[in-house]
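First comes the structure, then the notes that go with it.
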Amino acid sequence: MQRSPAWRWREAAPFADAEANLLRAAVEERIVGCYARALTENGGLKGALVFGLQLGAAGEVDGVETRIDVLGDAAVSECSIARLGTLLIPRSPQAQPLRLRTTVVFQPE
């Protein structure tokens, strides 16, 4: 069984804890499969990806990019970007668009 990626979040704007928890769960759900596929070809693959996300006021992802790649697997990065672009996170009515940067650390069990 594979271990879930570890998370470190850096926020550029106020972000409610409940929203952060929803976002973490949604990100993990989307990208864990990308990493699992890569592990079938390289069981020792480990490293980190730093993603930049632009989250709209309604919770849609307006943009996502890999800012730093120390995982070194383009397929995981590309798969993750494609899947993160489909996120929709319920947000509070007072929410404003914001930019987030998150580091996802990947390490096999």
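The values are calculated or read from the model by the stated rules, or taken from the named source; none is laboratory data. A quick note: this is a predicted structure, and the numbers were derived from the prediction, not measured. Positions of Cβ are generated from backbone atoms using ideal geometry, with glycine treated the same way; all protein chains shown enter the neighbour counts.
Quick notes
- Conditions (1) in contact with a Lys or Arg (Cβ under 8 Å, 6 or more places away or on another chain); (2) assigned to a strand (DSSP E or B); (3) of a type in the set (Gly, Ala, Ser); number of the one not met by ALA58: (2)
- The selection criterion, being at pLDDT 90 or above and either in contact with a helix residue (DSSP H, G or I) (Cβ under 8 Å, 6 or more places away or on another chain) or closer than 14 Å to VAL104 by Cα (or both), does not hold for LEU53.
- Among the candidates VAL76, VAL64, VAL104, residue that is over 16 Å from LEU23 (Cα atoms), among the aliphatic types (A, V, I, L, M) and surrounded by 13 or more Cβ atoms within 10 Å (Cβ to Cβ): VAL76
- For LEU71, the conditions (1) assigned to a helix (DSSP H, G or I); (2) of a type outside the set (Val, Ile, Thr); (3) modelled with pLDDT of 95 or more are fulfilled apart from (1).
- Any hit, the stretch 84-99, residues being at pLDDT 90 or above and surrounded by 12 or more Cβ atoms within 10 Å (Cβ to Cβ): yes
- For the condition part of a helix (DSSP H, G or I), aliphatic (A, V, I, L, M) and either closer than 13 Å to LEU88 by Cα or touching a Cys at 6+ places or on another chain (Cβ under 7 Å) (or both), ALA20 qualifies.
- Evaluated against (1) out of contact with any Leu (no Cβ under 9 Å at 6 or more places or on another chain); (2) part of a helix (DSSP H, G or I), ALA26 falls short on exactly one condition, (1).
- Contacts under 6 angstrom Cβ, first residue in the stretch 90-108 being closer than 17 Å to GLY52 by Cβ, partner among the basic types (Lys, Arg), 6 or more apart: ARG101/ARG10; THR103/ARG8
- All of LEU45, LEU49, LEU71 fail the test of being buried (at least 16 other Cβ atoms within 10 Å of the Cβ), of a type in the set (A, V, I, L, M), over 23 Å from ARG91 (Cβ atoms) and in contact with a Gly (Cβ under 7 Å, 6 or more places away or on another chain), apart from LEU71.
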